[in-house]
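The values are calculated or read from the model by the stated rules, or taken from the named source; none is laboratory data. Being a predicted model, the structure only gives us computed values, none of them experimental. Quick reminder, even Gly has a Cβ in these numbers, built from the backbone with ideal geometry, and neighbours come from all protein chains shown.
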């Protein structure tokens with residue numbers, strides 16, 4: 001009886017490790033493809049914004065181009081949904097300082113070393129500006145900032161449902 005319970009326990013542990021490794025694989029795959037898509041879209045349009053989480057197999061990428069907004073929802077490393085909204089102008093905040101954005105953002109939402117990420121790559125007067133902020137997306141969605149860029153992003157996240165994902169422990 002003791003040997004069979006030890007064998008069952010060992011099988012349970014092995015199944016647990018296999019389950020966790022496949023989940024981690026899909027999360028890493030999603031992040032890798034998200035980064036590839038971010039670079040591709042930036043080259044096409046000169047701007048790209050993104051949200052992803054280390055706790056989820058989902059990510060969102062969006063861009064503004066020719067009076068429209070294009071949104072890509074990724075799941076397990078694949079574009080799961082593409083939406084296009086017309087009549088939307090690109091974000092125009094010429095006084096962009098990454099350091100000021102960082103202060104504004106982290107003064108209202110805590111730094112997360114392992115969790116959610118918001119970032120962007122944009123061209124301002126021909127210069128590439130790039131930043132990633134490790135901050136809770138749920139906090140980001142519910143705060144008003146000093147920065148016109150952050151306020152526009154928060155407005156678009158909420159208006160267009162750019163983070164429709166609920167990643168609970170049961171999903172992992």
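At-a-glance table
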read-out	value
Meets criteria (at pLDDT 85 or above and over 29 Å from residue 127 (Cα atoms)) for residue 75	yes
Answer residue from the stretch 58-72, given it is surrounded by fewer than 23 Cβ atoms within 10 Å (Cβ to Cβ) and in contact (Cβ under 8 Å) with a residue 40 or more places away in the chain and is farthest from residue 134 (Cα to Cα) among those	69
